[in-house]
Amino acid sequence: MYNKVNGVFFSATGTTKKVVTSLADELSKYLKTDTYFYDFTLPSNREKPLHFGNGDLVIVGLPVYAGRVPNVLLKFLNTIQSDGAKAVALVLYGNRNYDDALIELKDILNNNGFKVIAGGAFIGEHSFSKTLAKGRPDEKDLKKVRMFAKEIHAKISSENGQDVVVPGNEVYRPYYKPKNEKGEDVDFRKIKPKTNEECVDCKLCVSLCPMGSIDYNDVSKLNYICIKCGACIKSCPVSAKYYDDENYLRHKYELEIELTERKEPEIFL
């Protein structure tokens, strides 16, 4: 018996949220229980720790950044604790690769007292692009989500609570680094979005920034880091936000022309 199905996620552009909420809603039908969602995308929702008991089923979803769990979230993730709750680890990537992100998330949850019984890697529109994996997760992906829910329920019903095995390296690979035209590693961490004259100062970007970095009084100014999540660019109603860094644009172009083959979700039970 489960008290509730919990969906816990970080989702700057809504793609991870779509997978987590769809899976949680589907599982709640099978388990005949309520759902509860905790969106920790905004800084204000990462101020208090979370705790789950052994009567909870928890779906934790994150985007993949450079092949790993976003390092800016590690501090908060380690405050999500459990007394033996079962968990599903989900990562969402932009059609390149999820590398060691799924095994890293699973390890974090195991270390925090969860029993991870399932894992999944799904695809969403890339944070750098409006064309790479455009519109995903789509209906085909959500069909896979529904199948995943059915298989998780079957595992739970059979009382097979063993830990899931997911692919990846026990010693995680370094964060993926794009290369410039000379084949040298490029560091994107200091690249920031620019704001053009079309800006109407609606402050939407301020309210969406998951790092709380965009200055309220001057939206062209960043007071903290940019994690290249795409929230401000993709949501701007007048397309006023953009990147002009040469290496960033080169890498974006490479991704869009080299990764056109559709990747499919992978699930593990």
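Read the figures in this text as sums done on the coordinates, not as results from a lab. All figures in this text were calculated on a predicted structure; none of them were measured in a lab. Neighbour counts are summed over all protein chains in view; Cβ atoms, including those assigned to glycine, are modelled from backbone coordinates with ideal geometry.
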### Query
How long is the gain from Glu264 to Lys75 if the chain were fully straight, where each residue apart is worth 0.36 nm and the alpha carbon distance is subtracted?
65.0 nm
### Task
Would you work out the charge dipole size for the chain about its Cα centre, treating the Cβ of every Lys and Arg as +1 and the Cβ of every Asp and Glu as -1, and quote it to the nearest 20 debye?
340 debye
### Summary
Total charge of the residues flanking Ser220 in space, meaning their Cβ is under 11 Å from its Cβ, with Lys and Arg +1 and Asp and Glu -1, is 0
### Task
Using a 10 angstrom cutoff on alpha carbons, build the Gaussian network for the chain and name the most mobile of Ala118, Ala154, Ala231.
Ala154
### Query
Going by Cβ distance under 4.7 Å, what cysteines of the chain have no possible disulfide partner?
Cys199, Cys202, Cys209, Cys226, Cys229, Cys236
### Query
Equivalent-ellipsoid semi-axes (√(5λ), Cα gyration tensor) for the stretch 6-118, whole Å, largest first?
20, 16, 14
### Task
Please find, in a Gaussian network model of the chain (springs between Cα atoms separated by less than 10 Å), the residue of Lys18, Lys179, Lys234 whose mean-square fluctuation is greatest.
Lys179
### Task
Give me the percent of DSSP beta bridges within the stretch 12-92 that run antiparallel, rounded to the nearest 5.
10 percent
#### Entry: Percentage, to the nearest whole number, of Cα pairs in the chain over 24 Å apart
49 percent
### Query
Just the Cα atoms of the stretch 194-244, one point each, no solvent: what log10 I(q)/I(0) does Debye give at q = 0.21, 0.29, 0.30 Å⁻¹?
-0.64, -1.34, -1.45
#### Entry: Value of [θ]222 nm, deg cm²/dmol, for the chain, DSSP H segments ≥ 4, -39500 (n - 2.57) each, nearest 500
-8000 deg cm²/dmol
### Query
So if we plug the beta-carbon distance of Glu159 and Ser207 into 1/(1 + (r/R0)^6) with R0 = 51 Å, what FRET efficiency do we get, rounded to 0.05?
0.70
#### Entry: Those chymotrypsin sites (Phe, Trp or Tyr not before Pro) in the stretch 193-269 that DSSP places in a loop and that have at most 13 other beta carbons within 10 Å
Tyr216, Tyr224
### Task
Would you mind telling me the antiparallel percentage of the DSSP bridges in the chain, rounded to 5?
20 percent
### Query
Which value, in Å³ per residue, describes the convex hull spanned by the Cα atoms of the stretch 51-197?
155 Å³
### Task
Return the single residue from Pro63, Pro178, Pro210 with maximal mean-square fluctuation; model: Gaussian network over the chain, springs between Cα atoms under 10 Å.
Pro178
### Query
What distance in nm separates the simple spin-label points at Lys140 and Glu256, each placed 7 Å from Cα in the Cβ direction?
2.1 nm
### Bins of 5 Å, starting at 0 and running to the largest distance - Cα pair percent for the stretch 125-269
2, 8, 13, 14, 14, 15, 13, 10, 7, 4, 1, 0
### Sequence-distant residues sharing a close amide H with Phe37 (under 5 Å, placed H)
Gly7
### Task
Hey, for a label at Tyr242 modelled as a point 7 Å past Cα toward Cβ, could you say which residues of the stretch 195-228 have their backbone N under 19 Å away?
195-202, 205, 219-222, 228
### Query
Whole-Hz Karplus ³J(HN,Hα) for the stretch 22-34, in order, using 6.51 cos²θ - 1.76 cosθ + 1.60 and θ = phi - 60°, x for Gly and Pro?
5, 5, 5, 5, 5, 5, 5, 5, 5, 8, 6, 9, 7
### Query
Counting Lys and Arg as +1 and Asp and Glu as -1, what is the net charge of the other residues whose Cβ lies under 14 Å from the Cβ of Lys150?
+2
